[in-house]
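Have a look at the structure below, then the notes.
Any read-out appearing in this document is the output of simple, stated calculations on the displayed coordinates, not a laboratory observation. Quick caveat, the model's predicted, so the values are computed rather than measured. Note that we place each Cβ from the backbone using ideal geometry, even for glycine, and neighbour counts take in every protein chain shown.
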Amino acid sequence: MIVKEDFLNKLKRYFNLNLYEVKIWTALLSRGSSTAGELSEIGDVPRSRAYDVLESLEKKGFVVMKLGKPIKYLTVDPKEVVERAKKLVGQEAEIKIKRLEELKNTDVLKELDTLHKQGIEFVEPADLSGAIKGRHSVYTHIELMLKGAQKNVSFVTTAKGLTRKMETMKPLFEKLKKKGVKIRIAAPITKESAEAAKELSKVAEVRHMEKINARFCLVDGKDLIFMVTDDKDVHPSYDIGVWINTPFFANALESMFDITWKDLTPAEKVN
């Protein structure tokens, strides 16, 4: 039996199997029922490994062992295998999530936190910065910054950026508002972004800005992340943000933002 390497690689990726497992499985699928020795030859897998591989596939629900002499293995409908694989992934994910939740109340997290705080003391200011590639990664980092906000958060964004923030960050903004964190967002309010401005106005102060074209986020006058390109000119995968932890520069930028903010029109007054 000849199975293309590209097909085997896809099976490995989709079903989280190793090479021997996909070779034995596809060999069995081609036969319907077979012994470990036959599958070893067909799949080009060492005979000494065939039984271990079949046992693994059986536990995962890919094959069924038929008792008798010699022992044979039966194939399972691929559609059923997909459902079983989905269920297995879900169960494993639940176990891992539960384990991570339990970690919150252990000494392990306390020790990790201590190591982090002690390590930060020795970090050079220049090291508290970095470039983040991809809009998803940028937004993930912004959310991390926001979760640590204590006083105020300031955004300057585009019309499209305003809509994205409504879709992805509104729940987080609601939590910040309950904590007493002041949120300000400056962006062009157009026909396309008017609804987003209206929704965000429930949890933040939104004002119309059209003369300045920029994208950045300031948190508590110390954390800053700014995008280096206009979002209309770059694919989300190639968007780049630069993060800096710098009270010196962030405070200066926030002071300039405060001056501009006073002259901006509140969202509810934009026609």
### Query
Given Ala252, Tyr139, Gly32, which one lies farthest toward the positive end of the charge dipole of the chain, if we put +1 on the Cβ of every Lys and Arg and -1 on the Cβ of every Asp and Glu?
Gly32
### Query
Using Cα atoms only, what is the angle between the long axis of helix 135-147 and the major principal axis of the chain, expressed in degrees (0 to 90) to the nearest 10?
60
### Query
When a footprinting reagent is the concern and you count Cβ atoms within 10 Å, what order do Tyr14, Tyr73, Tyr51, Tyr20 take, fewest first?
Tyr14, Tyr51, Tyr20, Tyr73
### Message
I need to check one value: relative contact order of segment 115-264, counting alpha carbon pairs closer than 8 Å and at least 6 residues apart, in percent.
### Response
30
### Message
Could you give me D for segment 127-269, from Stokes-Einstein at 10 °C and 1.306 mPa s, where the hydrodynamic radius is the Kirkwood radius over C-alpha pairs? Units µm² s⁻¹, please.
### Response
105
### Task
Please build a GNM for the chain, connecting alpha carbons under 10 Å apart, and tell me which residue among Ile240, Ile42, Ile142 fluctuates the most.
Ile42
### Query
With contacts defined as alpha carbon pairs under 8 Å and 6 or more residues apart, what's the relative contact order of the chain in percent?
14
### Summary
Which of Ser237, Ser48, Ser137 fluctuates most in a GNM of the chain (C-alpha springs under 10 Å)? That residue is Ser48
## Note on the structure
About its Cα centre, segment 5-76 carries a charge dipole, from +1 on Lys and Arg Cβ atoms and -1 on Asp and Glu Cβ atoms, whose size in debye to the nearest 20 is 200
#### Entry: Globularity index of segment 1-94, i.e. its alpha-carbon radius of gyration over 2.2 N^0.38 Å
1.03
### Summary
For the chain, longest principal axis from Cα atoms; helix 5-15 axis from its Cα atoms; angle between them, nearest 10 degrees, is 70
### Query
For the peptides 156-163, 106-113, what is the packing order when you average, over each peptide's residues, the other Cβ atoms within 10 Å and list the highest mean first?
156-163, 106-113
#### Entry: Centroid-to-centroid separation of segment 15-87 and segment 250-264 [C-alpha atoms, Å]
65
### segment 219-268: mean projected area of Cα convex hull, nm²
4.9
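Filter the cross-link list Lys96/Lys202; Lys104/Lys198; Lys12/Lys79; Lys178/Lys198; Lys170/Lys232; Lys133/Lys170 down to pairs whose alpha-carbon distance in this structure exceeds 27 Å.
The answer is Lys96/Lys202; Lys104/Lys198.
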### Message
Just to confirm the number: angle between the C-alpha axis of helix 19-31 and the first principal axis of the chain, 0 to 90 degrees, nearest 10?
### Response
50
